[in-house]
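Let me begin by presenting the structure, written as structure tokens, before commenting on it.
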Amino acid sequence: MDKKNAISDMRFGGLLQLGCKELRYELITWIVANYDIGYHCLCMETKVVVPVMPKDVREVLGIPDNGVDILIYNRRDTPNRTYDIKILEANLRDLLILCDMHDTYITRMSFLRSMEIIGLVCRMMNAEQAIPPRAHYFDPSFSVVLASLTPKSKKHEIKERCRMFLHAEFVGHDFSSCDMLFFPVCDNNHWHVHVVNIPASRVEILSSLPLRKGNGISAVSRRLSDAIDQAFHAHVMLRRLEVSKFQHVQPQIVQQPNGYDCGMFTIKYMEHWNGATLAHSIAEDKMDLYRLRLVVTLVTNATNNARDKVLKACRI
């Protein structure tokens, strides 16, 4: 109370009456994209970290933090109508396409298919990098193509199969500036990332479940590195690179506590791996929130040609 009186005495009492009555969805999506769920903080591009706890949201927005259900209120049409998640889902039911960007269409059912979602995330991460890019995220279908190569595969066959994943006319750049190459892999219904760390001459296998056999690396990972060499050499790219001769390691990183979160872990690994460790924490018990944030990020992305229709359907 003394502090409030002091502010009023300085004739800044009007500041005490300010209220946050509306939130722009651009601000909301930015907060969702930059909030670290594990450490409960906002991570700025200036490397400033701002702690944000439930009590802060309560004090600023007046939103209860005691488990009360939150409803979305619409002022524009019928003032007395409220919207919960079921109503929002009903509004979206008639929309065939929720996401249309980077030559990829995502429907409501596509959000249940990891291959399509991880592929779109890879395209988005490539597009958002500075030029020249320091990393490249391959579409997961490339690992399927690589797995089909054999030691007897002919050069012209390899070039034809891998062309769309390696040629600059399709990719948009060459790989000469890249320090790390990310290959999302689904093997035996489990997603993981095969990372080629060029400066370290190391292959880092990021998996939310152990892939090792004893103290060694799985045969699948070894064969993939052999196939990567075949593909690059056939296309006369990074000719001095001998991925199959790199040291292969599986770093000890956060693991999934169940049998179904490997796709989301793969996305988080690609997002935060810096070649030595995870640059940001991953909370294994927050996967549902990560999924929600991913959906918001994809649907409200500025390059999503279907964004306006989705937001209109949601009445946001």
When only alpha-carbon atoms are used, what values of Rg and Dmax, in angstrom, describe the stretch 181-301? 15.3, 45
Looking at the stretch 240-307, which chymotrypsin sites (Phe, Trp or Tyr not before Pro) are in a loop (DSSP not H, G, I, E or B) and have at most 16 other Cβ atoms within 10 Å? Tyr260
Quick check on my link table: of Lys159/Lys245; Lys286/Lys312; Lys154/Lys245, which ones sit more than 24 Å apart, alpha carbon to alpha carbon? Lys286/Lys312
Work from the charge dipole of the stretch 189-295 (Cβ charges, +1 for Lys and Arg, -1 for Asp and Glu, about the Cα centre) and give the residue of Ala219, Gly263, Ser244 farthest towards its positive end. Ser244
Rounded to two decimals, what is Rg over Rh for the stretch 114-173 when you use alpha-carbon atoms and the Kirkwood radius? 1.02
Enter the accessible area of Tyr105 (Å², nearest 10), with the probe set to 1.4 Å and all protein chains included. 140 Å²
Between Val171 and Val49, the FRET efficiency computed from the C-beta separation at R0 = 25 Å comes out, to the nearest 0.05, as 0.15
Considering the Cα trace of the stretch 234-316, what is its radius of gyration and what is Dmax, both in angstroms? 18.3, 55
Taking the Cα centre of the stretch 101-150 as origin and charging only Cβ (+1 Lys, Arg; -1 Asp, Glu), how large is the dipole, in debye to the nearest 20? 80 debye
For the stretch 273-316, count all C-alpha to C-alpha pairs, find those more than 12 Å apart, and express that count as a whole percent of the total. 70 percent
Report the dimensions of the stretch 150-229 along its three principal axes from the alpha-carbon atoms, largest first, rounded to Å. 41, 30, 23
Estimated distance in nm for a label pair at Asp179 and Glu271, the labels positioned 7 Å out from Cα along Cα-to-Cβ: 2.1 nm
P(r) weight above 15 Å for the stretch 95-148, C-alpha pairs, percent: 54 percent
Where the convex hull is taken over the Cα atoms of the stretch 184-237, what is its projected area averaged over directions, in nm²? 4.3 nm²
Pseudo-spin-label distance Arg163 to Lys286, built 7 Å along Cα→Cβ, given in nm, is 4.5 nm
Equivalent ellipsoid semi-axes for the stretch 106-250, as square roots of 5 times the alpha carbon gyration tensor eigenvalues: give them largest first, rounded to whole Å. 21, 20, 16
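The values are calculated or read from the model by the stated rules, or taken from the named source; none is laboratory data. Every value quoted in this text rests on a predicted model; they were computed, and no experiment measured them. FYI the Cβ positions are ideal-geometry reconstructions off the backbone, even for glycines, and counts take in every protein chain you see. Quick note on the areas: whole protein, heavy atoms, side chains included, nothing else; ligands and nucleic acids left out. Shrake-Rupley method; radii C 1.70, N 1.55, O 1.52, S 1.80 Å.
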